[in-house]
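Reading through the structure tokens given below for one structure.
Derivation of every value follows stated rules applied to the coordinates shown; laboratory data play no part. Just so it is clear, the structure is predicted and the values come from calculations on it, not from any experiment. When we count neighbours, we look across all protein chains shown, and the Cβ atoms used for this are built from the backbone with ideal geometry, even at glycine.
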Amino acid sequence: MLKKYSIFGIVTVLIALLCECRESMQHDSETVKEFKDPEFSMPEIKDPVFPDYKVSIADFGAVNDGRTLNTDAINKAIVTVSEKGGGTIVIPRGIWLTGPIILRSNINIRSEEGALILFSGNKDLYPLIETSFEGYNTVRCISPVYGKDLENIAFTGRGVFDGSGEAWRPVKKDKIPERQWDDLVKSGGVVSDDGELWCPSESYKRGQEISEMNVPRNFTRMEEYAEIKDFLRPVMVSLINCRKVLLDGPTFQNSPAWCLHPLMCEDMIVRNITVRNPWYSQNGDGIDIESCKNTLVYDSNFDVGDDAICIKSGKDADGRRRARPLRATPLTAVK
């Protein structure tokens with residue numbers, strides 16, 4: 001785990017996740033082109049390849065005025081391109097307000113320089129789903145970017161994806177200056193009984209009080225989660241059980257909880273990206289790579305309010321039932 005506090009680190013990470021000795025032996029003759037003379041054997045991870053078909057979200061009625069909600073237009077573009085066999089969806093310059101983006105296989109979302117994809121802070125747009133957080137099987141609000149059981153997906157280009165994290169996150173008093181704390185308290189929300197934590201709402205405060213490691217552990221019904229929905233803030237980008245994944249170029253910032261969470265993914269390349277969160281962002285991790293296999297993270301910048309890069313494999317009984325460990329995770333960091 002690499003921790004980032006106040007300086008801007010340029011982090012190059014090479015992660016080899018080899019599940020079986022037999023598989024490792026089969027790939028001994030292969031090399032990783034992006035790195036010279038790696039200290040171990042691992043298969044070459046190739047970029048996903050997409051058909052030439054290309055559309056713009058503007059073709060589906062999206063409006064870049066920062067006020068029009070473009071959730072339906074963006075997801076309609078994804079469905080249309082997927083049904084035609086895949087291709088590239090272009091997000092042009094402008095401010096594109098949206099709710100959750102639901103990914104499909106064989107889709108490359110290319111955001112142009114000057115494009116700001118701004119996820120709405122309206123929590124009614126993010127339904128509760130069964131997922132994983134902090135290593136536990138649980139229920140959270142759906143992520144602003146969500147993909148499960150997919151293959152051949154990418155985020156490319158130089159755009160910015162902003163999760164409107166300020167609408168979701170609590171703030172600890174000891175993490176910010178006194179004047180900023182006073183302004184935050186005056187803005188609304190509620191303060192914990194000990195006076196040390198600002199919460200966005202009373203619902204969030206109740207969830208905080210009954211949870212362990214940000215997760216309610218004793219709930220059995222969806223109705224119970226619904227009562228503290230405001231507390232169940234999502235990771236910004238959730239990729240679950242996906243293969244052949246590429247993140248190359250964009251900036252991901254201001255996430256509700258962790259920023260990037262690839263879970264049980266395979267053959268993933270993360271390069272040339274920027275991940276940034278405010279220094280006081282609670283649980284504002286940069287990337288949490290969990291139970292994944294064959295992942296490269298390099299030439300990327302992380303400036304976040306919590307752990308920059310985390311390596312995980314689930315937790316306690318939930319992790320043991322998953323039985324998907326990471327194996328061999330050498331890290332190289334250059335500041």
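Among 101-114, 242-255, 43-56, what's the highest-first ranking by average C-beta atoms within 10 angstrom per residue?
Order by mean packing, descending: 242-255, 101-114, 43-56.
Once the principal axes of the Cα atoms of segment 170-232 are found, what is the range along each, listed largest first in whole angstroms?
On the principal axes, segment 170-232 reaches 41, 20, 16 Å in Cα extent.
Quick one: of the DSSP bridges fully inside segment 210-335, what percent are antiparallel, nearest 5?
Working: 1 of 27 bridges.
Beta bridges within segment 210-335, antiparallel portion: roughly 5 percent.
Residues with beta-carbon under 15 Å from that of residue 251, excluding residue 251: net charge, scoring Lys, Arg +1 and Asp, Glu -1? Can you show the working numbers first?
Numbers: positive: 93, 110, 158, 271, 276; negative: 112, 113, 162, 248, 299, 303.
Once all neighbours under 15 Å are counted, the net charge is -1.
What is the spin-label model distance, in nm, from residue 80 to residue 223 if the labels are put 7 Å beyond Cα along the C-beta direction?
Between residue 80 and residue 223, the label points sit 4.2 nm apart.
Just want the answer: with Cβ charges of +1 for Lys and Arg and -1 for Asp and Glu, which residue in 284, 251, 323 is farthest toward the dipole's positive end in segment 215-335?
Farthest towards the positive end: 323.
Find the percent of Cα-Cα distances in segment 192-335 that exceed 26 Å, and round it to a whole number.
On the way: 3226 of 10296 pairs.
So the portion of pairs separated by more than 26 Å is 31 percent.
Would you mind working out the magnitude of the charge dipole of segment 84-148 relative to its Cα centre, with +1 at each Lys and Arg C-beta and -1 at each Asp and Glu C-beta, to the nearest 20 Debye?
Roughly 220 debye, rounded to the nearest 20.
Measure up 76/205; 123/293; 46/84; 84/312; 76/123 against 26 Å on the Cα-Cα distance and list the ones that go over.
Details: 76/205 36 Å; 123/293 33 Å; 46/84 23 Å; 84/312 36 Å; 76/123 21 Å.
In this structure, 76/205; 123/293; 84/312 lie more than 26 Å apart at Cα.
How many angstrom lie between the C-alpha centres of segment 154-175 and segment 181-220?
About 19 Å separates the Cα centre of segment 154-175 from the one of segment 181-220.
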